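Working notes, structure below.
Coordinate-derived values only; no laboratory data. It should be emphasised that the depicted structure is a prediction, and the values quoted were computed from it without experimental measurement. Methodologically, a virtual Cβ is constructed for each residue, glycine included, from the backbone with ideal geometry; neighbour enumeration extends over all protein chains shown.
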Amino acid sequence: MNEENAIAIFEGKQIRKVWHKNEWWFSIFDTVVILTESSDPKQYIKKMRNRGPILDSNWGTICTPLELLAPDGKKRETNCVNTEGAFRIIQSILSPKAEPFKLWLAKVGYERVQEIQDPELAQKRMK
């Protein structure tokens, strides 16, 4: 897989991502901008961490600074998360825009629990 920077599109807006350790890592900043429409995403992230002491204490485990292409065309270190970390961050976002994504996560999680209890369901979904 190419380790170049790439873009993910969510509701027509861009989230910068980079291939790292054999998986995609996403910009926390971009995710917060899209799901909150905050005029000051850095401040929003700071407040989000203050509201969630467990999130804050695990921030260094969840986030990894990786080089991403900035809007000015230069590469800069940006806090990024893998898919699991992105789900954790999204759970902490208090915004109506994040609610559809949270509902989808809950549905997928519920379906997965059902599949664990009844493996035949997983086979039916694959078909």
**Prompt:** Given K21/K124; K46/K107; K13/K102, which pairs have Cα atoms separated by over 24 Å?
**Reply:** K21/K124; K46/K107
**Request:** Kindly identify the chain as rounded, prolate or oblate by the Cα gyration tensor criterion: order the square roots of the eigenvalues as a ≥ b ≥ c, call it rounded if a/c is under 1.5, otherwise compare a/b with b/c, prolate if a/b is larger, else oblate.
**Result:** prolate
**Complete:** Two pseudo-spin positions, 7 Å from Cα along C-beta at K42 and at D118, lie apart in nanometres by 5.2 nm
**Prompt:** Can you run phi through the Karplus equation (6.51, -1.76, 1.60; θ = phi - 60°) for segment 36-49 and list ³J(HN,Hα) in whole Hz, with x for Gly and Pro?
**Reply:** 10, 6, 5, 7, 9, x, 4, 5, 4, 4, 4, 5, 4, 5
**Item:** segment 30-82: C-alpha gyration tensor shape, a/c 1.5 cut-off, then a/b vs b/c
**Value:** oblate
**Prompt:** For the chain, what is the mean residue ellipticity at 222 nm derived from helices alone (per DSSP H run of n ≥ 4: -39500 (n - 2.57); sum divided by total residues; nearest 500 deg cm²/dmol)?
**Reply:** -14500 deg cm²/dmol
